[in-house]
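Notes follow once the structure below has been shown.
The values are calculated or read from the model by the stated rules, or taken from the named source; none is laboratory data. Just so it is clear, the structure is predicted and the values come from calculations on it, not from any experiment. When we count neighbours, we look across all protein chains shown, and the Cβ atoms used for this are built from the backbone with ideal geometry, even at glycine. Keep in mind that these areas ignore ligands, DNA and RNA; they rest on the heavy atoms of the full protein, side chains included. Shrake-Rupley method; radii C 1.70, N 1.55, O 1.52, S 1.80 Å.
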Amino acid sequence: MTLVYLHTSNGMSKSAFEAVTYAKKLGNEVIVLTAGNADANTLATLGSFGAQKVIVNRAIDGSDEQQVSTWVCNHAANAENILFLHDVAGKAIAPRVSVRLKAGLVAGAVALPEMDQTIKVNVFSGKAFGFVKVNSQKRIISLLANSIAPEKIAEVCPVEEVNETIESSGIKILSTKKPEGNIPLPEAELVVSAGRGLKGPENWGIIDDLASALGAATACSRPVSDIGWRPHHEHVGQTGIAIRPNLYIAIGISGAIQHLAGVNGSKVIVVVNTDKEAPFFKAADYGVLGDAFEVIPRLTEAVKRFKLNQ
Amino acid sequence: MKTLVCISKAPDTTSKIAFTNNNTAFDEAGVQYIVNPYDEWYALVRALEIKESVGGEVTIVTVGPNEDDAIMRKALAIGADKAVRIDANPKDAYFVATQIATYAKTIGFDMVLTGKETINYNGSQVAGMIAESLGFPLISLASKLDVEGTTLTLEREAANGVEVVSVNAPIVVSCAKGMAEQRIPNMRGIMAARTKPLEVIPPAACDDLTTFATFGSPLAKSEVKMIDPNNMDELVALLHNEAKVI
Ligand SMILES: Cc1cc2nc3c(=O)[nH]c(=O)nc-3n(C[C@H](O)[C@H](O)[C@H](O)COP(=O)(O)OP(=O)(O)OC[C@H]3O[C@@H](n4cnc5c(N)ncnc54)[C@H](O)[C@@H]3O)c2cc1C
């Protein structure tokens, strides 16, 4: 049996469907565990991707990872594989479950197991990859989002609502600050990012316009967040966050290796830069040699025309 | 606060990433090691700031061979009080976490801080594994940490934004950007680091849960396609028809 734990308190993301698809392809029966008050009809849709059953624990809300770890372990006796997403929840829960069950963890898997059962992960901030072998009987995997395409193969599945109380870790949540952008950067499929080439914070209007025309999230290079032109949560790269969107548009960013470390997992990279020697062009799929202040408004208009004709 | 900060070495970011022994091991030839930036800039510096404001002691620990003493001296120069090196090659995250937790149990710490990940293996596993081994709560991906008595107030990344949480020590915290600013060691720090205690202890027995079987390097990107800056409709058409991302 493959057990999948999903954090569903903020709705069902595409990566949840990816996780269930991945689990199904491991070959065994798939049982999904989740906590909180997600609507049962929504949870039932996980059946379409191959889940046999969803068990939702209404007695815990999923925000206490220690509590979740205990609950997952309670259900893991017959599991050969235990799957998490390599997201905020998975990064905190999977290592605990690994220690508790003495089962090897493959953190940040980007593909299904190979013939020899090793699993591919990215290492050296995306500059290389490795294949991890698990030596224990049980195997724990945390899957990086955007690694597998969700496949609808069936209809809804039954949802079992349980009330299993578990001792809490003692962590009290005092408040939650919602991010300013509409689309959280780590999950965004389209990202518009800008660097020092924009000259000053007052010039970000053209970036915001392009992002909203595309329905993209915004990001920036480190110096830009360090000087305070943009908020820290937009900083991508080796010391910020790593993202893997389908499309990354880099505007006025030179493409230093530390910046690339955070974005080189993107499927398609577009670079707009005035310097034909900018290193970013070497990592790009499409390049535009030109001044952002002329090119970006033009690109925004082109995107709007395209959307109108869709 | 009696604080333990976990330190890992990491190749300097400009290092060439290559593998040897039939692609089963990282090629260290010519590689310059630095203190993993998340451990140094965020975990260690915040631990020092807390010590400076409420008192206590900051110990740093690493799991690694002889050569790693150089990295520990660098971290001592930034201001830690003493260093411990567990004398073994770090096999995987479980091995590292088991060694650190075993040591931490013998001493008893109020806080164990790690960086959110290392820039070489990017696993984000060690903090959670230490927390489980010690039976402590974990605050993962924290960007702020304040101490009042034995109560800690932290901000951490959550699925729906940033959560402000409070918890009592002892805890484990994995530290991300926002925690502190980088500190450059001064001459006095570097001199003092030479005489600070650096204890070397043997590793504890530990199961081998995972192994890196092989490594590889990504295929080179195909040549970039340059688009006329006056023809953004063409770019949009390519993104739609060829790249299929919009
Ligand atoms: C240990 C370490 C960690 C680091 N971590 C990170 C990290 O996580 N993320 C990160 O981003 N950086 C990081 N850096 C910094 C990194 O090395 C670079 O300094 C930084 O990415 C450069 O930012 P930038 O491209 O915005 O600015 P610059 O390098 O100044 O580049 C600006 C670019 O804009 C172009 N330009 C100028 N005017 C225009 C115009 N009108 N139109 C179009 N293009 C224009 C220029 O040609 C240039 O290429 C790190 C550095 C170190 C040492």
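Can you list the residues, at least 5 places off or on another chain, whose amide H is less than 5 Å from the amide H of B:M226, using H built in the peptide plane?
Under 5 Å from the amide H of B:M226 lie the amide H atoms of A:G287, each far enough along the sequence or on another chain.
Post the alpha-carbon centroid distance, the range A:1-34 to the range A:277-292, in whole angstrom.
If you average the Cα positions of each part, the centres end up 38 Å apart.
Which three extents, in angstrom, do the Cα atoms of chain A have along their principal axes, listed largest first?
So the three principal-axis extents are 60, 42, 40 Å.
Could you please state how large a percent of the accessible area of the range A:1-138 is carbon and sulfur, counting protein chains only and using a 1.4 Å probe?
About 46 percent, which is the carbon plus sulfur part of the accessible surface.
How big, in percent, is the set of alpha carbon pairs in the range A:2-162 lying more than 25 Å apart?
For the range A:2-162, the fraction of Cα-Cα distances above 25 Å is 23 percent.
Connecting C-alpha atoms closer than 10 Å in a GNM of chain B, tell me which of B:D233, B:D87, B:D68 has the biggest fluctuation.
B:D233
Counting other Cβ atoms within 10 Å, keep those with at most 15, restrict to DSSP loop, and tell me which trypsin sites (Lys or Arg not before Pro) in the range A:125-232 are left.
A:K152, A:K199
How much net charge surrounds B:I7 when only the other residues with a Cβ under 15 Å from the Cβ of B:I7 are counted, with Lys and Arg +1 and Asp and Glu -1? Intermediate results must be reported in sequence, preceding the final value.
On the way: positive: B:K9, B:R46, B:R73, B:K74, B:K82, B:R85, B:K116, B:R183, B:K196; negative: B:D39, B:E40, B:E67, B:D68, B:D69, B:D81, B:D87, B:E117, B:E199.
Here the charged neighbours net out to 0.
Grab the alpha carbons of the range B:118-231, take their convex hull, and tell me the volume per residue in Å³.
Residue-normalised Cα hull volume stands at 302 Å³.
Bins of 10 Å, beginning at zero and ending with the bin holding the largest distance: percent of Cα pairs per bin for the range B:1-116, please.
13, 44, 31, 10, 2, 0
Would you calculate the volume per residue, in Å³, of the smallest convex hull containing every Cα atom of the protein assembly as shown?
Each residue corresponds to 156 Å³ of Cα convex hull volume.
Short version: ³J(HN,Hα) in whole Hz for each residue of the range B:160-171, in order, from phi by Karplus 6.51 cos²θ - 1.76 cosθ + 1.60 (θ = phi - 60°), x for Gly and Pro, what are they?
3J(HN,Hα) across the range B:160-171, in whole Hz: 10, x, 10, 9, 9, 10, 10, 7, 8, 5, x, 9.
Once neighbouring chains are kept in place and the probe is 1.4 Å, which whole percent of the accessible area of the range B:2-214 is contributed by carbon and sulfur?
On the way: 4210 of 8450 Å².
C and S atoms contribute 50 percent here.
How would the range B:59-181 be classified by its alpha-carbon gyration tensor: rounded, prolate or oblate, with rounded meaning a/c under 1.5 and the a/b versus b/c comparison settling the rest?
It comes out prolate by the Cα gyration axes.
With the cut-off at 27 Å, tell me which of the pairs A:K304/B:K244; A:K138/B:K9; B:K9/B:K196 have Cα atoms farther apart than that.
Pairs exceeding 27 Å: A:K138/B:K9.
Which value at 222 nm does chain A reach when only helices count, each DSSP H run of 4 or more adding -39,500 (n - 2.57), with the total divided by all residues and rounded to the nearest 500 deg cm²/dmol?
-7500 deg cm²/dmol
Springs between alpha-carbon pairs under 10 angstrom, Gaussian network model over chain B: which of B:I171, B:I227, B:I86 fluctuates most?
So, out of B:I171, B:I227, B:I86, the one fluctuating most is B:I227.
Accessible area lost on pairing B with A, both sides, 1.4 Å probe, Å² to nearest 100?
6900
Quick check for me: using +1 on Lys/Arg Cβ and -1 on Asp/Glu Cβ, what's the dipole size of the protein assembly as shown about its Cα centre, in debye to the nearest 20?
Magnitude of the dipole: close to 540 debye.
For the range A:2-162, what is the accessible area per residue in Å² when the probe is 1.4 Å?
Per residue, the range A:2-162 has 35 Å² of solvent-accessible surface.
Cα axis of helix B:232-241 to longest principal axis of chain B: angle in degrees, 0 to 90, nearest 10?
80
Please report how far the C-alpha centroid of the range B:155-216 lies from that of the range A:64-101, rounded to the nearest whole angstrom.
The range B:155-216 and the range A:64-101 have Cα centres separated by 22 Å.
For the range B:72-134, taking Cα atoms only, what is the radius of gyration to one decimal and the Dmax to the nearest whole Å?
Both quantities, over Cα of the range B:72-134: 12.1, 31 Å.
Once the other residues with Cβ under 14 Å from the Cβ of B:S217 are scored (Lys, Arg +1; Asp, Glu -1), what is the net sum?
With Lys, Arg at +1 and Asp, Glu at -1, the neighbours total +3.
If you take the square roots of the eigenvalues of the alpha-carbon gyration tensor of the range A:185-308 and sort them as a ≥ b ≥ c, do you get rounded (a/c under 1.5), prolate (a/b over b/c) or oblate?
rounded
Quick one: what are the phi-derived ³J(HN,Hα) couplings along the range B:214-228, Karplus 6.51/-1.76/1.60 with θ = phi - 60°, whole Hz, x for glycine and proline?
Ordered by residue, 3J(HN,Hα) equals 8, 10, x, 10, x, 4, 4, 5, 6, 3, 5, 9, 8, 10, 4 Hz.
Residue farthest toward the positive end of the dipole of the protein assembly as shown, with Cβ of Lys/Arg at +1 and Asp/Glu at -1: which of B:T59, A:P201, B:V84?
B:V84
Nothing charged except the Cβ atoms of Lys and Arg (+1) and of Asp and Glu (-1): what's the magnitude of the dipole of the range B:2-214 about its Cα centre? Round to the nearest 20 debye.
460
For B:I201, enumerate residues with amide H under 5 Å from its amide H, sequence gap 5+ or separate chain, H modeled in the peptide plane.
Excluding prolines and chain starts, which carry no amide H, the hits are B:R85, B:I86, B:D87.
For chain B, what is the calculated [θ] at 222 nm in deg cm²/dmol (nearest 500), taking -39500 (n - 2.57) for each run of four or more DSSP H residues and dividing by its residue count?
Values: 6 runs with 63 residues, N = 246.
-7500 deg cm²/dmol, from helical runs alone.
Enter the Cα centre distance for the pair the range A:174-239 and the range B:22-85, rounded to the nearest angstrom.
Taking the Cα centre of the range B:22-85 as reference, the centre of the range A:174-239 is 31 Å away.
For chain B, state what percent of all Cα-Cα pairs lands in each successive 10 Å bin, counting from 0 Å until the bin that includes the largest distance.
Percent of pairs per bin, in order: 7, 28, 30, 18, 10, 6, 1.
Per residue in the range B:154-172, which ones lose no less than 40 Å² of accessible surface when going from chain alone to all protein chains (1.4 Å probe)?
At a threshold of 40 Å² (probe 1.4 Å), the residues of the range B:154-172 that become less exposed are B:R156, B:E157, B:A159, B:N160, B:V162, B:E163, B:V164, B:S166.
For the range A:68-114, list whatever residues lose no less than 30 Å² of accessible surface once every protein chain is in place, relative to that chain by itself, with the probe at 1.4 Å.
Residues of the range A:68-114 that lose at least 30 Å² of accessible area once the other chains are added: A:V88, A:K91, A:A92, A:P95, A:R96, A:V99, A:K102, A:L105, A:A107.
Per residue of A:189-196, count partner chain C-beta atoms within 10 Å of its C-beta, then hand back the mean as an integer.
1
Would you mind counting up the charge near B:P229? Only other residues with Cβ under 11 Å from its Cβ, with Lys and Arg at +1 and Asp and Glu at -1.
Taking every Cβ under 11 Å from that of B:P229, the sum is -3.
With θ set to phi - 60°, apply the Karplus curve 6.51 cos²θ - 1.76 cosθ + 1.60 along the range B:18-23 and write out the HN-Hα couplings as whole Hz, x wherever there is a Gly or Pro.
So the Karplus estimates, Gly and Pro as x, are 9, 10, 10, 6, 6, 6 Hz.
Amide H of A:A194: which non-local residues (sequence gap of 5 or more, or other chain) have their own amide H closer than 5 Å, using H built in the peptide plane?
A:A219, A:C220, A:S221, A:I251
Shape verdict for the range B:121-167, please, from the Cα gyration tensor: rounded (a/c under 1.5), prolate (a/b greater than b/c) or oblate. Intermediate values should be presented prior to the final figure.
On the way: a/c = 2.26, a/b = 1.20, b/c = 1.88.
Since a/c reaches 1.5 but b/c is at least a/b, the shape of the range B:121-167 is classed as oblate.
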